[in-house]
Amino acid sequence: MFIEFVVILLISMLAEIFLQRIWTAKMHRMKIEQVTKLYGPCWQEKAKAGTPTMGGIVFIPVLIFALYAAHLLDPGIDAVDIFKMVSYPVLAAAVGLIDDWLKYRKHSSDGLGSLEKLALQAAVTVPWAVWMLPGPLLLFPSIAVPRIAGVIIIIFFGVGIQNAVNVTDGLDGLAAGSVVISLIGALSFLSSDPVIIITIAAGMGISIGFLWHNANPASVFMGDVGAHFFAGLLLSLCISSGAFIFIIPLGFLFGLEIFSVLIQILAIRVFKRKVFLMSPVHHHFEMKGWKETQIVARFWIIHAIGMCSCMAILFLLLNLI
């Protein structure tokens with residue numbers, strides 16, 4: 001399986017690098033570019049305005065091509081299982097694409113309204129969760145929850161992680177690099193099934209290939225379509241592995257980012273004051289004068305340490321049960 005893993009990783013990485021370059025040039029011609037936002041550090045927004053966005057569109061064909069190549073390499077890999085792995089990342093990406101397309105059409109930083117986006121995220125997650133869960137949800141091989149409760153849990157985490165990865169994608173390389181770290185973690189404790197191993201390889205190749213273009217200074221952004229795609233991929237991996245609880249360590253940094261937004265909103269509305277200079281929390285450190293590359297590197301370290309710590313705590317708790 002090691003050879004197949006390396007081959008699929010290289011195929012998806014090289015395909016992503018090559019196709020992203022072509023798509024980035026096309027976005028330049030179509031003027032699919034970052035628009036200055038009404039929020040966020042003003043110096044950052046001015047520097048990034050005009051950079052092509054919606055780079056995440058390329059992730060979908062690359063993933064499908066890589067998994068198809070894996071099926072050709074090993075016909076024993078079930079096409080139905082591959083389809084299940086691909087389905088949620090594609091559905092989630094479709095919601096992000098609608099948001100990105102509205103921004104492009106309106107030439108604005110605002111696409112879908114908050115409630116509209118939440119409704120669409122739930123609309124694609126609910127039927128997928130019902131389809132993926134014919135029986136109890138396995139939080140861990142020895143721990144299960146009833147189907148109805150499991151569907152509710154999947155919907156909560158599905159919608160949550162889509163928004164969490166989305167808000168994390170605010171600095172060059174931050175989200176893509178964090179996804180690479182998450183997939184390395186996933187490989188260490190979810191790699192019990194060939195389809196999962198191959199999907200991790202494809203996802204890792206895509207995220208590394210995208211980093212080739214997205215590292216500071218970024219020549220392209222993934223957009224909501226890319227952030228939603230990666231969120232869907234992480235969730236799909238955890239459900240398919242039969243160890244859904246691992247979405248917590250895999251999404252450690254993304255959870256910190258979305259919670260910083262929630263804390264800021266509650267603090268402003270309840271206490272009429274801010275906790276952070278700006279949220280999500282990576283902007284707080286920008287406002288304090290940290291360089292973008294410093295923040296990204298340190299947040300990658302925090303994500304790796306947090307992910308490993310969560311894993312250790314989970315295994316300890318599971319051994320005590």
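Quick one: grab the alpha carbon gyration tensor of region 183-321, order the square roots of its eigenvalues as a ≥ b ≥ c, and give me rounded if a/c is under 1.5, else prolate or oblate depending on whether a/b is larger than b/c. Verdict is oblate for region 183-321. A simple packing score, the average count of other Cβ atoms within 10 Å per residue, orders the peptides 133-146, 254-267, 229-242 as 229-242, 254-267, 133-146, with the highest score first. Sum up the charges of everything whose Cβ sits under 12 Å from the Cβ of His284, counting Lys and Arg as +1 and Asp and Glu as -1, but leave His284 out. With Lys, Arg at +1 and Asp, Glu at -1, the neighbours total 0. Scanning residues 5 or more positions from Ala144 or on other chains, those with amide H under 5 Å from its amide H are Leu139, with H placed 1.01 Å from N in the peptide plane. Helices in the chain that qualify as membrane-span-like (whole DSSP H runs, Cα extent of at least 24 Å along the helix axis, mean Kyte-Doolittle hydropathy of -0.5 or higher) are 2-30, 79-106, 114-132, 147-168, 194-214, 223-241, 252-271, 292-320. Quick check on region 2-252: take the gyration tensor over C-alpha atoms, sort the square-rooted eigenvalues as a ≥ b ≥ c, and tell me if it's rounded (a/c under 1.5), prolate or oblate. Judged from the Cα gyration tensor, region 2-252 comes out oblate (a/c at least 1.5, b/c at or above a/b).
Pairs of Cα atoms nearer than 8 Å and 6+ residues apart set the relative contact order; for the chain it is 26 percent. Counting Lys +1, Arg +1, Asp -1, Glu -1, what net charge surrounds Ser241 among other residues with beta carbon under 13 Å of its beta carbon? Value of the local net charge: -1. Each part reduced to its alpha carbon centroid, region 129-156 and region 259-277 end up 33 Å apart.
Summing +1 for each Lys or Arg and -1 for each Asp or Glu among the other residues whose beta-carbon sits under 14 angstrom from that of Phe59 gives -4.
Taking a ≥ b ≥ c as the square roots of the Cα gyration tensor eigenvalues, with a/c under 1.5 meaning rounded and otherwise prolate when a/b beats b/c, else oblate, which class fits region 61-150? The shape class here is oblate.
Put in line by how crowded their Cβ is, counting other Cβ atoms within 10 Å and starting with the fewest, Asp224, Asp110, Asp81 read Asp110, Asp81, Asp224. In this Cβ point-charge picture (+1 for Lys and Arg, -1 for Asp and Glu), the chain has a dipole of about 1100 debye about its Cα centre.
Values quoted throughout were computed directly from the atomic coordinates according to the rules given, and no laboratory measurement underlies them. Note that this is a predicted model, so its numbers are computed, not measured. Neighbour counts are summed over all protein chains in view; Cβ atoms, including those assigned to glycine, are modelled from backbone coordinates with ideal geometry.
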